[in-house]
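One structure below.
The values are calculated or read from the model by the stated rules, or taken from the named source; none is laboratory data. It should be emphasised that the depicted structure is a prediction, and the values quoted were computed from it without experimental measurement. Please note: Cβ atoms are built from the backbone with ideal geometry, for glycine as well, and neighbour counts cover all protein chains shown.
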Amino acid sequence: MKKVLLLILTLAVLVSGCASSDDEDVINASQVVISGDHISVNYIGELDDGTVFDTSIEQVAIDEGLYNPARKYEPLEFIAGAGQMIQGFDEAVTGMAAGEKKTVEIPPGKAYGEYSSELVFDIPFGQFESANITPVVGEAIFMQGRPCTIINVSEGNVTLDCNHYLAGETLIFTIELVSIGSNDSNNS
């Protein structure tokens, strides 16, 4: 019995003495995102039908015909759980480790909400004339601080749709967690 106990103690000392900086890297790599962490991610956002609507990756933007030379294609940085992202995206990154990649499906209720016909309405054409605005279908305007899209122009009315353009859509995101940092460390 004493020999078994001595063997176990000897093994424990040997194993603990073998820890190296490589072991510390493994421990740090297992850190996962929690609320309040400052993180950066690369992402590809798609609709149910596979149409890419947004990405942080330049080559994907080029391949999908979304490339905008005025935009910087780089990892998106935000504070997890701070409400800076749609709810489903925030929930998806929680628990991810740096270098991890996953694909998630986010329903409208955790994205931009359901499409609401109550947010589609007519404004008398005269209001645009009196403001010296020529309404054009497809143009975005702000109405009471909310972005709206002009969807129809007639002699009497201008029809606005104030739903987010992704309202009612199930969104599919491929997310790669690039880095995790404590929010506190960025405030010092």
Q: Confirm whether G181 is modelled with pLDDT under 95 and surrounded by fewer than 17 Cβ atoms within 10 Å (Cβ to Cβ).
A: yes
Q: Go over the candidates V153, V178, V104 one by one and state the one that is assigned by TED's automatic domain parsing to the domain that holds G88, among the hydrophobic types (A, V, I, L, M, F, W, C) and either over 27 Å from D90 (Cβ atoms) or touching a helix residue (DSSP H, G or I) at 6+ places or on another chain (Cβ under 6 Å) (or both).
A: V104
Q | Leading residue by the ranking (nearest to L47 (Cα to Cα)) among those in the range 148-178 that are out of contact with any Pro (no Cβ under 8 Å at 6 or more places or on another chain) and surrounded by fewer than 16 Cβ atoms within 10 Å (Cβ to Cβ) | A | Y165
Q: Filter the range 33-71 down to residues that are under 12 Å from the mean Cα position of the chain (by Cα) and of a type in the set (D, E, K, R) and give me whichever is surrounded by the fewest Cβ atoms within 10 Å (Cβ to Cβ).
A: D54
Q. Somewhere in the range 127-147, is a residue closer than 22 Å to A167 by Cβ, under 20 Å from the mean Cα position of the chain (by Cα), surrounded by 15 or more Cβ atoms within 10 Å (Cβ to Cβ) and among the aliphatic types (A, V, I, L, M)?
A. no
Q. Which one is farthest from the chain's Cα centre (by Cα), of the residues in the range 72-108 that are in contact (Cβ under 8 Å) with a residue 12 or more places away in the chain and part of a helix (DSSP H, G or I)?
A. P108
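If you scan the range 109-126, which residues turn out to be among the hydrophobic types (A, V, I, L, M, F, W, C) and within 15 Å of the chain's Cα centre (by Cα)? Show your work before the answer.
If we filter the range 109-126 for residues that are among the hydrophobic types (A, V, I, L, M, F, W, C), which is where we start, we get 111, 119-121, 123, 125.
Answer for the range 109-126, where residues must be among the hydrophobic types (A, V, I, L, M, F, W, C) and within 15 Å of the chain's Cα centre (by Cα): just A111.
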Q. Under 8 Å by Cβ, and 6 or more places apart or on different chains, what pairs join a residue from the range 120-133 that is farther than 17 Å from C148 by Cα with one that is modelled with pLDDT of 95 or more and in a loop (DSSP other than H, G, I, E, B)?
A. none
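Among the residues of the range 77-126, which ones are hydrophobic (A, V, I, L, M, F, W, C), farther than 11 Å from F173 by Cβ and surrounded by 14 or more Cβ atoms within 10 Å (Cβ to Cβ)? Working first, answer last.
Residues of the range 77-126 that are hydrophobic (A, V, I, L, M, F, W, C), as a first pass: 78-80, 82, 85-86, 89, 92-93, 96-98, 104, 106, 111, 119-121, 123, 125.
Restricting the remaining residues to those that are farther than 11 Å from F173 by Cβ gives 78-80, 82, 96-98, 119-121, 123, 125.
The answer is F78, I79, A80, M96, A98, L119, V120, F121, I123, F125.
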